[in-house]
Amino acid sequence: MRNRLPSSAELIGRLEQMHETSPLSMASEQAYLEQQVCLFGPERYEPRYNYPLIVWLHSCHSSENELKQVMPELSLQNYVACAPRGTIACDPEGCQFRWGRSTASTAIAEELVFDSIELACSQFSIARNKIFLAGFGSGGSMAWRIALRYPQRFAGVVSICGQFPTQQQALANLSEARQLPSLWMYGDESPNCGVPHVCEALPVMHSAALQVAIRQYPCGNDLLSNMLFDTNGWLMERVTNQPANFETSFEESFSKN
């Protein structure tokens, strides 16, 4: 498989075509998008219930299929989830991807996230006011950038080992971003998103008056099972507006960024 994003111009052209009025063109682009997005439906799906939606952004050297590892550790029943593929291929075969850091890459990622949301909503019953953006590693960094840019579109953001953005006018929508519930998880031994980076970001978050819950874990750039267990508790508190009551989970690392 070749890289589906050989150039920003090509992908932007394809995304623009998705808004054309031709039914044939829209069907073709819909099928193309479905090949790049992993969808997850909960066990014992009830179509009359509006489910919260998790949009998962995968880590570097991974793919949209990372979602298949994440959801069993997070919850098999509570959510519908979708995961778009990263914007840049990491290998010639096009099996591993990452999220670019440029302004153009971020714009493309934004389109992919919102188109993935529409795809999930077309196939599942979704509570539009309970859409959460989450990611791991570079996906966690991209989750920060998109959620802070469009805070009114999300019920919350979860960034696991994702660097807090300081460029591209990340806090341009500050008044709305202050209302966005955020969960930031990091490993104390992470070389990219460890204690030094968190200490640098804290003054910015404090001065901006952001609603950020920060949790430290004894790991590096790892995605731990208890991170996802804690993520589920944090999400359900916002879905139900009630404190979560979960037993302590067993810590296990099953993915590295």
Along region 228-239, Karplus-curve 3J(HN,Hα) (6.51, -1.76, 1.60; θ = phi - 60°) to the nearest Hz, with x for Gly and Pro, reads 6, 4, 5, 4, 4, x, 5, 5, 5, 4, 7, 6
With x for Gly and Pro, the residue-by-residue ³J(HN,Hα) of region 155-167, computed from phi through the Karplus equation 6.51 cos²θ - 1.76 cosθ + 1.60 at θ = phi - 60° and given in whole Hz, is 7, x, 9, 10, 10, 10, 6, x, 5, 6, x, 10, 10
Sorted largest first, the C-alpha extents of region 60-126 along its principal axes in whole angstrom are 35, 23, 18
If amide H atoms are modeled at 1.01 Å from N in the peptide plane, then the residues at a separation of 5 or more from I214, or on another chain, having amide H under 5 Å from its own are W184
Counting only residues 5 or more apart in sequence or on a different chain, those whose built amide H sits under 5 Å from that of L180 are Q211
Packing-ranked peptide list from 188-194, 227-233, 138-144, highest mean Cβ count within 10 angstrom first, is 138-144, 227-233, 188-194
Counting Lys and Arg as +1 and Asp and Glu as -1 over every other residue whose Cβ sits under 15 Å from the Cβ of I214, the net charge comes to -2
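Here, each number is a calculation from the coordinates, and none is a lab measurement. Computed from a predicted structure; not experimentally measured. Cβ: placed from backbone, ideal geometry, glycine included. Neighbour counts: every protein chain shown.
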